[in-house]
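A short reminder: the numbers here are calculations on the coordinates, not readings from a lab. Because the structure is predicted, anything quoted here is derived from the model rather than measured. FYI the Cβ positions are ideal-geometry reconstructions off the backbone, even for glycines, and counts take in every protein chain you see.
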């Protein structure tokens with residue numbers, strides 16, 4: 001099913017909850033209260049068919065961006081994988097809070113790693129951005145707009161990442177995966193030489209009490225917030 005009108009809509013369209021819900025219904029799904037049960041690949045397939053994007057291209061972007069993990073968060077180049085949507089969305093929400101002291105870090109979220117600073121109106125809430133379908137709609141609309149500007153899918157993919165030589169290298173990685181020649185687990189974070197950390201599961205009472213601290217060269221550490229406590233490395237962090 002191709003939604004020609006949807007393909008022409010700007011990413012800011014998702015600022016309207018009713019219109020966002022309508023688009024999800026057009027895709028044959030309901031977004032539900034929180035995350036859809038679909039994975040990144042399934043969401044990519046639905047959005048590709050609906051927005052007339054080459055089949056498998058958006059899925060390749062998801063594999064390169066997040067390794068197909070809907071709860072992936074990249075902070076200043078440091079890639080983190082959370083065990084749940086609740087923890088991922090709370091961490092991203094806290095870090096992106098404009099009223100917090102200090103400069104806000106660069107944060108990319110979800111299957112397709114949407115940059116919250118570049119696309120501030122992409123989602124009705126940070127939590128909504130972790131829904132694979134909603135995240136895919138934002139990515140698909142952005143990719144379609146870039147294709148309309150460039151007339152070339154490879155150039156559109158490059159600009160999805162960066163309008164520079166780095167974008168060209170990124171497009172090369174995506175098209176290797178798209179054409180079945182690349183490692184789908186070689187994600188964008190690994191290409192940049194960054195470490196991947198798995199954030200350990202926390203108790204239910206702690207999920208809303210995460211705080212973030214930027215240390216060193218963009219390294220982000222998450223710990224449960226405790227009154228009077230500073231930042232500490234949580235047990236269970238590991239490199240993938």
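Can you order the peptides 144-153, 119-128 by their average number of other Cβ atoms within 10 Å per residue, highest first?
Values: 144-153: 15.4, 119-128: 18.3.
Most protected by this proxy first, the peptides run 119-128, 144-153.
Could you list the square roots of 5 times each eigenvalue of the Cα gyration tensor of segment 146-185, that is, the equivalent ellipsoid semi-axes, sorted largest first and rounded to whole Å? Show your work: numbers first, answer last.
On the way: eigenvalues 68, 26, 8 Å².
Over the Cα atoms of segment 146-185, the ellipsoid semi-axes are 19, 11, 6 Å.
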